[in-house]
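Inspection log for the structure reproduced underneath, given as structure tokens.
Coordinate-derived values only; no laboratory data. Just so we're clear, the structure is a prediction, and the values are computed from it rather than from any experiment. Methodologically, a virtual Cβ is constructed for each residue, glycine included, from the backbone with ideal geometry; neighbour enumeration extends over all protein chains shown.
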Amino acid sequence: RIETPQHPFSEKPDTRINGTIWVKPKVLCEVKFAMWTASGKVRHASYQGLRADKSPETIVKEEPKAMTSKKPDKNKAIKGVNISHAEREIFPEAHITKGELAEFYAEMDEHIMPGIKNRPISVVRCPGGIENQCFFQRSKGKGMPEHIYTIDIKHDGKTHDYLYVKNVTGLVELVQMGGIEMHPWGAQIDKIEKPDRIIFDLDPDEDIPFEAIKLAARDVKGRLDDLGLQSFLKCTGGKGLHVTAPIDRRHDWDTVKTFARNLAQQMVDDVPDAYTLNMSKKKRVGKIFIDYLRNDFASTAVMDYCVRARTGAAVAVPLEWDELDDLSAANQFSIRDVLARKKKKKLFIYPQIRQSLTKDILNAVQ
Ligand code: ATP
Ligand code: MN
């Protein structure tokens, strides 16, 4: 669709290959390649995917530079936590270091902590950076730092211990342990059987255009609005969107999960070509999977302003509904973008609201 007969360069490149196709320089993609050729072209390039998280104007040809003589700090104290290997690039492509990640989370304290403090969390740890082995951790390990706590929770007759933090120092300690992503539960430890939010996680199949996910998010919002429930939007820093409705802690997991499933089922019944509740890859082809299973005991969803442990280091960002129109991808915000939004006081602040799943609401969605 962006093919053009005219080459877009200031000087016509020397192409000896027949059938060269020129395109308008509108989208940015990542390529892997063997080396630069003498004439400044890339040799053996292979397509690695689009990068909606970067804008073309910021891309320059990087040249090797001499090291500055000043040695970077090996360790760094952030919020009183000693960050070891602070200069290590845990995101090698995005050039983001462990110290920078810890600083970012420390800076976002007020915006992150309300959504994760005193909730059990799963942590995605990548001790050797995102290009090495990463794993989920939800229970305590050996030698836990001081501000990371565990709680034993009994459910269905079984007891298990879960990690949680109370303040930003604990969050920074998680980064010190190699933690990148934190995923809180939908309930707080003092009332763990009563969730305080309902989440619809919209997961697109590979070929779904982002515009379709935006429509789906609006669809969920519209349906919740009709029931009198206010909801909030978040882009995940990955592929999809989350729609979350806070609720008073009055209902058990079964009630909340059943409500979420029933609402999602209504969407599938209304638009079976667009939505599915079936997680299997085969049944999802061409559809959006409405993941209502986030609404369960021990299920988690990514925290606000979480930097995703994926190439590009995109951030999960809560947004105003009127920002949805202009959103171009779920992974469009970088750490720098978020800090710029913070400076401009453009960060979304959750309003305090009280609402619950009244009998009328539960009866309307069966
Ligand atoms: P995307 O927009 O790319 O879907 P997402 O954050 O919604 O990003 P999902 O892959 O849909 O990611 O996963 C949904 C949630 O399931 C995650 O936020 C995480 O909390 C949880 N999750 C995923 N994989 C695991 C796992 N291996 N162990 C524990 N929890 C997981
Ligand atoms: Mn998802």
Residue-averaged [θ]222 nm for the chain, counting only DSSP H segments that reach four residues, each worth -39500 (n - 2.57): -6500 deg cm²/dmol
Gain in span if fully extended, K346 to I189, counting 0.36 nm per residue against the direct Cα distance: 53.4 nm
Ranked F33, F348, criterion: other C-beta atoms within 10 Å, fewest first: F33, F348
Neighbour net charge for T37 - beta-carbon separation under 11 angstrom, K R +1, D E -1: +1
FRET E, pair I353, D269, Förster distance 30 Å, beta-carbon r, rounded to 0.05: 0.55
Farthest toward positive dipole pole in the chain [+1 Lys/Arg, -1 Asp/Glu at C-beta], among T20, G238, N278: T20
GNM top mover of I180, I153, I21 - the chain, alpha-carbon springs below 10 Å: I21
Label-point gap, in nm, between F9 and L362 - each point 7 angstrom along Cα→Cβ: 6.7
Pairs beyond 30 Å (Cα-Cα), from K117/K154; K76/K344; K65/K345; K117/K343: K65/K345
Sequence of V243, V31, V307 once ranked by neighbouring C-beta atoms within 10 Å, starting from the fewest: V31, V243, V307
Among K283, K98, K166, residue whose mean-square fluctuation peaks in a GNM of the chain (springs only between Cα atoms under 10 Å): K283
Sorted by Cβ density within 10 Å, fewest first, the residues V315, V42: V42, V315
Lysines with Cα under 20 Å of K239, excluding same-chain neighbours fewer than 8 positions away: K54, K214, K221, K281, K282, K283, K287
For the chain, Cys with no neighbouring Cys Cβ under 4.7 Å: C29, C235, C306
In nm, spacing of pseudo-spin labels at H44 and K32 (7 Å Cα→C-beta vector): 1.1
Estimated dipole of the chain in Debye, rounded to 20 [Cβ of Lys and Arg +1, of Asp and Glu -1, Cα centre]: 820
Stretchable slack from E57 to D248, in nm (0.36 nm times residue separation minus alpha-carbon distance): 64.2 nm
Gyration tensor verdict on the chain (Cα atoms; rounded if a/c is under 1.5, prolate if a/b is larger than b/c, oblate otherwise): oblate
Low-density loop positions, GluC sites (Glu not before Pro), segment 1-92 - DSSP coil, at most 13 other Cβ in 10 Å: E11, E62
